[in-house]
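Heads up, the thing below is written out as structure tokens.
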Amino acid sequence: MHELSIVENIVNTTLQFTAEHKIEKVSFLTIQVGALTGVEPPYLKLYYGDLCEGTALEGSELQIEEISPEAFCRVCGEVFNPDEHERICPGCGMNDYEILHGEELTIKELGFE
Ligand SMILES: [Zn+2]
């Protein structure tokens, strides 16, 4: 499962940080997940609980901020929401564009006591 390795990455990165900063108990972790990543937030929460057991993250809350997709058309300059199935610009019908948002998968904030 795709989500499991993502959560492992997030948890490992966070645990490295807590060890370096001698943080013993994390209360929450906020991550940003772009809609174009194809990641299912409920799975992230499920695996998160399992992976946090026995670590500084045990009992902490995983907060997920979903980021809507946004693209910029290189042909006509339109900013639009790219659809997963039909990724063309609604302004000119071309598919030469740059993704601005929606591919995020990052740790935004860490709360600790
Ligand atoms: Zn366009």
*Only one of these is loosely packed, with under 13 Cβ neighbours inside 10 Å, over 30 Å from Asn12 (Cα atoms) and in contact (Cβ under 8 Å) with a residue 24 or more places away in the chain: Glu113, Glu98, Glu109. Name it.*
Glu98
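Within region 29-54, take every residue that is among the charged types (D, E, K, R) and part of a loop (DSSP other than H, G, I, E, B) and give me the one that is modelled with the lowest pLDDT.
Glu40
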*Selected residue (criterion: nearest to the ligand (Cβ to nearest atom)) from residues of region 71-113 that are closer than 30 Å to Val26 by Cβ and of a type in the set (Val, Ile, Thr)*: Thr106
_Can you find, within region 16-32, the residue that is surrounded by the fewest Cβ atoms within 10 Å (Cβ to Cβ) among those that are closer than 20 Å to Tyr43 by Cα and not polar (S, T, N, Q)?_
Phe28
*Test set (1) within 16 Å of the ligand (Cβ to nearest atom); (2) assigned to a loop (DSSP other than H, G, I, E, B); (3) surrounded by 13 or more Cβ atoms within 10 Å (Cβ to Cβ) - Leu57 fails condition number*: (1)
*Exclusive hit being over 20 Å from Gln16 (Cβ atoms) and of a type outside the set (A, V, I, L, M, F, W, C), set Gly54, Gly111, Gly59, Gly77*: Gly77
*Just name the residue that is nearest to the chain's Cα centre (by Cα) out of those in region 60-93 that are of a type in the set (Gly, Ala, Ser) and not in a strand (DSSP E or B).*
Ser68
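The values are calculated or read from the model by the stated rules, or taken from the named source; none is laboratory data. Fair warning: this is a prediction, and the values are worked out from it, not measured in the lab. Because the Cβ atoms are built from the backbone with ideal geometry, glycine has one as well, and the counts that use them run over all protein chains shown.
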